[in-house]
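Peer 1: The structure that follows is given in the form of structure tokens.
The values are calculated or read from the model by the stated rules, or taken from the named source; none is laboratory data. Quick caveat: nothing in here was measured; it's all calculated off a predicted structure. So basically every Cβ, Gly included, is an ideal-geometry build from the backbone, and we count neighbours across all protein chains shown. Only protein heavy atoms, including side chains, enter the accessible area calculation; ligands, DNA and RNA are left aside. Shrake-Rupley method; radii C 1.70, N 1.55, O 1.52, S 1.80 Å.
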Amino acid sequence: MTTTTVDLFASALHFHPDGDVRAVERQMTSSSSGAWQIATFHVETDADVHADHWEMHPEAEEAVCCLTGGIRLYFRPDASGGAEDMVQLQAGAAVIVPRSRWHRLELDAPSDLMSITLRNGTRLEKRADTH
């Protein structure tokens, strides 16, 4: 067996149902691979985390992990005109985003983040209150 190292800031890991794990190019849009993706990012600005978009994963929950820095994770209100719910994460903290729940991120500081989810059917939607 050949052992190789993977740069988690350049590649993602896909965990397949058959037990295989593969290093692949990070894909933040929908995927039909059937694999769970672990992706790690260094982010400096809100633009790096598409703060002007909502994201939703219909087929699985997502673990959003703050490894360094600090972020705010917002949940879109269920009813029009409602307030967003916000969870603040510091280094070493994570939150589990429920399946099919629209969410977005904003930074408190440059951060290293990890996302773990099944990307099948992932959707992005521009926030209505941004230009």
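Peer 1: When the solvent-accessible surface of protein heavy atoms is calculated with a 1.4 angstrom probe, in what order do E61, E84 fall, highest first?
Peer 2: E61, E84
Peer 1: L8 to H42: extension gain in nm, 0.36 nm per residue of separation minus the Cα-Cα distance?
Peer 2: Using 0.36 nm per residue and subtracting the Cα-Cα distance, I get 11.2 nm.
Peer 1: Whole Å is fine, so just give me how far the alpha carbon centre of segment 3-25 lies from that of segment 75-131.
Peer 2: Here the two parts' Cα centres lie 24 Å apart.
Peer 1: Taking K and R as +1 and D and E as -1, what net charge do the other residues with C-beta under 11 Å from the C-beta of T117 add up to?
Peer 2: -2
Peer 1: Using r as the Cβ-Cβ distance of E125 and A83, and R0 as 25 Å, what FRET efficiency do you calculate, to the nearest 0.05?
Peer 2: Efficiency for this residue pair is about 0.85.
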